[in-house]
Amino acid sequence: MDESTAASRSRRAGSGAAPLYGLVLAGGRSSRMQRDKAALEYAGRTQLERAVELLTPLVERVFVSVRADQSGEPLRARFAQIVDSGEAAGPIAGIIAAQSSHPDAAWLVLACDLPLLDQQTLEHLLSSRRPGRQATAYRSSRDGLPEPLCAIYEPSSREAIRAHIASGRDCPRKFLINSDTELIDQPEPGALDNVNTPSEYGSALHRVQRSGDAPPAVPRAATTGARRINVQYYALLREQAGRSSESFVTTAGTPRELYEELQQRYPFSLAPEMLRVAINSEFADWSQRLREGDSVVFIPPVAGG
């Protein structure tokens, strides 16, 4: 993230606001859809890919929320992950897991199944953010209730969400109803329509395929913070990752940020200070900037003599 982008985000949030991270909820079982909703395609892109692209220019880091049994699934494995802890069920499980992983961050939470969501709607949400309240959310254009899966959750909401879960409740909408939530109107009423069944998917496909009604494209400049990186693992890291190499899209700007993302995905026990890093077959500094297509190797200490 360059300085101008950081300054722009700071102005939108206001001085003193917590850093804003993005979380795409992709841990559902898609039982009503009868196929993985994250992998549904519109205009050649999966819903999950497009959600990550939408969030990338607006936040400092983007993570995908998954269940433990989904972490190795190829589509989700391309992105930095936060795995549900089992503390709760449903979307709120992903939210509390993210807050537990990075308790000082605010979270722009987004469901992966919003094919009509546009950049304008997200920009409006950010410009309306009230860091002094527990959350900022849209008021549903259908029933006037909070929309919990396109909302900003501040760090101050963490303990309240934990108490909500402890009381046996797992509905994020009910949490927002009973919390200090800033509610705002949607600039585009249909932008938060989601898809849960095959018939709804067919209807959404029909809508986006009609002339002039395609899903709003993400501007090219909006995706410049993400890059595809090739990573190789050796020795202990290979054992802990359960693989020797992989390729995925990341918003990490340096090898250190990349390793921190990987530590969210795999049980890496080695601190960065114990490793050496190489980029494109040459030893590199942990703060070197990563570029599209770079090959990164994290090298653990050699055992024995």
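Here's the yes/no breakdown for (1) touching a strand residue (DSSP E or B) at 6+ places or on another chain (Cβ under 8 Å); (2) outside the structural domain of R289 (by TED's automatic domain parsing); (3) at pLDDT 80 or above; (4) of a type outside the set (A, V, I, L, M):
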| residue | (1), (2), (3), (4) |
| --- | --- |
| S8 | no, yes, no, yes |
| A13 | yes, yes, no, no |
| L25 | yes, yes, yes, no |
| G28 | no, yes, yes, yes |
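Would you check if Y138 is touching an Asp or Glu at 6+ places or on another chain (Cβ under 8 Å) and either closer than 17 Å to L25 by Cβ or surrounded by fewer than 19 Cβ atoms within 10 Å (Cβ to Cβ) (or both)? So Y138 fits the description; yes. Entry remark, the range 262-289: residues being closer than 28 Å to A97 by Cα, in a loop (DSSP other than H, G, I, E, B), touching a residue at least 12 places away in the same chain (Cβ under 8 Å) and not polar (S, T, N, Q) number 6 in total. Keeping to the range 172-187, report how many residues are of a type outside the set (S, T, N, Q) and at pLDDT below 95. Final tally of qualifying residues: 2. The residue that is nearest to the chain's Cα centre (by Cα), counting only those in the range 281-296 that are aliphatic (A, V, I, L, M) and within 11 Å of I229 (Cβ to Cβ), is L290. Filter the range 236-261 down to the residues that are assigned to a helix (DSSP H, G or I), of a type outside the set (D, E, K, R) and crowded, with 18+ Cβ neighbours inside 10 Å and list them by number. Across the range 236-261, the qualifying residues are L237, A241, P255, L258, Y259. Checking each residue in the range 161-184 for being assigned to a loop (DSSP other than H, G, I, E, B) and of a type outside the set (S, T, Y) picks out G168, R169, D170, C171, N178, D180. Give the residue, chosen from E273, E282, E257, E246, that is of a type in the set (D, E, K, R) and within 21 Å of L55 (Cα to Cα). So the residue among E273, E282, E257, E246 that is of a type in the set (D, E, K, R) and within 21 Å of L55 (Cα to Cα) is E257. Cβ-Cβ contacts under 6 Å between residues 6 or more apart (or on different chains), taken from a first residue in the range 100-122 that is in the same structural domain as A88 (by TED's automatic domain parsing) to a second residue that is among the acidic types (D, E) and modelled with pLDDT under 95, are listed as L116/D193; T121/E188.
Matching residues to (1) assigned by TED's automatic domain parsing to the domain that holds L54; (2) at pLDDT 85 or above; (3) aliphatic (A, V, I, L, M):
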{"site": "V231", "(1), (2), (3)": "no, yes, yes"}
{"site": "A235", "(1), (2), (3)": "no, yes, yes"}
{"site": "V249", "(1), (2), (3)": "no, no, yes"}
{"site": "R256", "(1), (2), (3)": "no, yes, no"}
{"site": "P272", "(1), (2), (3)": "no, yes, no"}
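Contact map, the range 235-259: first residue under 20 Å from E73 (Cβ atoms), second residue of a type in the set (D, E), Cβ cut-off under 7 Å, separation 6 or more or different chains; pairs are T250/E261. If you go through the range 118-160 and pick out every residue that is modelled with pLDDT of 95 or more, in a strand (DSSP E or B) and more than 20 Å from the chain's Cα centre (by Cα), you end up with 1.
The values are calculated or read from the model by the stated rules, or taken from the named source; none is laboratory data. Just so it is clear, the model here is predicted, and its values are computed rather than measured. As a convention, Cβ positions derive from the backbone with ideal geometry for all residues, glycine included, and neighbour counts pool all protein chains shown.
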